[in-house]
Amino acid sequence: MTELKLLSPLKTDTFEFRNRVFMAPMTRGRSPDRVANELTARYYAQRATAGLIITEGTQISEQAIGWTNTPGIYTDEQIEGWRKVTQAVHEAGGLIFAQLWHTGRASHPDFHGGALPVAPSALPFNSQAFTPEGPKPTVTPRAMTVEEIQSTILDYEIAARAAKAAGFDGVEVHGANGYLPAQFLEDGPNKRTDAYGGPVENRARFLLEATDAAIRVFGPSRVSVRLSPRIPYNDMGDSDLEGTYMFAVEALEARKVGMLHFMEPAQLPDGLDLLAPEARKRFTGKFIVNVGYDRDTAERAIATGLADAVTFGTLFISNPDLPERFRRDAALAPSDTATYYVGGEQGYTDYPLLG
Ligand SMILES: Cc1cc2nc3c(=O)[nH]c(=O)nc-3n(C[C@H](O)[C@H](O)[C@H](O)COP(=O)(O)O)c2cc1C
């Protein structure tokens, strides 16, 4: 049996992750009442041999909602629901972080009684929201006031407290995929002229204040931040991607955040250089990479020092015991995309373990 670095433990001052095969956050749309439940607990417990599980995007408030049947983390009922999940994962020997999510402009009026979603700026953009009636084009959002921004930062803190009460080992601030913190960070969607717009110091403020809110509750070592410079999803764009993101990385380093979860396709088109090595140089916490990795490319990322761990998304959907499959170099089951976001057990908790 080959000794994969991917399967070696990863130690920090706070954690001992049992391997470097982490589970990426994935929205699964199985919480019709916005509360995690027994089925959620079974799904995550099945995957508890991951070095770390990062939950699906979990909204921090009513206003943060932007997807059908996704769970939240701000009410007592939601805390009780998530407690079932954290207990089941801990009983199975795993560790689990909650991903704190605000969709911002990527939401839809259907989630807000007809009111507009919020964003840094009221700009039209081209995307789709996953509403109860199916995918719908997104709308031009409403620009947030400074008071609203500040109360949203408080929502991050309230959600982090809820996550702690629910027994999570830490939280990840979802700063990726064109959701609210990324909408502030990139200069395409952010045309503000106040303290939250203009130069990168200002555009990064929202992400950093949300991160500070999580740090106030968990301490920096239990906080992860997810960034995705090269993911244009949700009509994102920035005139200086590298400068913008390296500023953010350095600011996260200054805060001694425990983990930086850096999304960048493992295979970039010709002519594009990876930003991950630059980010890695600037960050002394644990550096986690994602998007399109398999057993071999992930092993190489660890062996070459590019990353400390790799998160796997789609492979974890259909291979609940992914670390063991990697160990045995076993065949991997394909995931059924038709059941990614629909309710129920099918395509969720019915993927078998290895015999
Ligand atoms: C069904 C599905 C749901 C996802 N939901 C989220 C999410 O809630 N939060 C997030 O940050 N990324 C989300 N992603 C992105 C994944 O975390 C991951 O970046 C992506 O699947 C690429 O990794 P992979 O190549 O290993 O699948 C989702 C991906 C999939 C397939």
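For the residues G343, G178, G197, a GNM of the chain with alpha-carbon springs under 10 Å puts the largest fluctuation on G343. The residues of segment 72-152 expose, per residue, 42 Å² of accessible area to a 1.4 Å probe. In a DSSP loop and with at most 14 other Cβ atoms within 10 Å, the chymotrypsin sites (Phe, Trp or Tyr not before Pro) in segment 181-272 are Y233. Candidate membrane-span-like segments in the chain, meaning DSSP H helices with Cα atoms spread over at least 30 Å of their own axis and a Kyte-Doolittle mean of -1.0 or above, do not occur, with no membrane implied either way.
Candidate cross-link partners of K5 among the lysines, defined by an alpha-carbon separation under 19 Å and a same-chain spacing of 8 or more, comprise K286.
Figure the gain on full extension for E148 and E133 (residue separation times 0.36 nm, minus the Cα-Cα span) and round it to one decimal in nm. Difference between extended and current length: 2.5 nm. Choose one answer from P220, P269, P32: the residue with the largest mean-square fluctuation in a GNM of the chain with alpha-carbon springs under 10 Å. It is P269. Of the peptides 326-334, 276-284, the ranking by mean beta-carbon count within 10 Å, highest at the top, reads 276-284, 326-334.
In this structure the amide hydrogen of E56, modeled in the peptide plane, comes within under 5 Å of the amide hydrogens of M26, none closer than 5 places in sequence on its chain.
Structural descriptor for segment 1-52: relative contact order 38 percent, calculated from alpha carbon pairs under 8 angstrom and at least 6 residues apart. Between the listed residues A298, P135, G93, the Cα displaced farthest toward the positive end of the dipole of the chain, a dipole computed from Cβ unit charges relative to the Cα centre, is found at G93.
In order along segment 171-188, phi translates into HN-Hα couplings of 9, 10, 7, 7, x, 10, 6, x, 8, 3, x, 5, 4, 6, 5, 8, 7, x Hz, rounded to whole numbers, per the Karplus curve 6.51 cos²θ - 1.76 cosθ + 1.60 with θ = phi - 60° and x for Gly and Pro. Using only side-chain charges placed at the Cβ, +1 for Lys and Arg and -1 for Asp and Glu, the dipole size of segment 283-340 relative to its Cα centre rounds to 120 debye. Would you mind telling me which residue in K164, K11, K256 has the biggest mean-square fluctuation in a Gaussian network model of the chain, where springs connect alpha carbons within a distance under 10 angstrom? Checking each option, the largest mean-square fluctuation is seen for K11.
FRET efficiency for the pair T304 and A115, taken as 1/(1 + (r/R0)^6) with r the Cβ-Cβ distance and R0 = 45 Å, rounds to 0.40. Estimated at 0.36 nm per residue, the fully extended path between L123 and D329 surpasses their Cα-Cα distance by 69.3 nm.
The values are calculated or read from the model by the stated rules, or taken from the named source; none is laboratory data. All figures in this text were calculated on a predicted structure; none of them were measured in a lab. With ideal geometry, Cβ positions are generated from the backbone for all residues, glycine too; neighbour counts draw on all protein chains shown. What goes into the accessible areas is simple: the full protein's heavy atoms, side chains included, and nothing from ligands, DNA or RNA. Shrake-Rupley method; radii C 1.70, N 1.55, O 1.52, S 1.80 Å.
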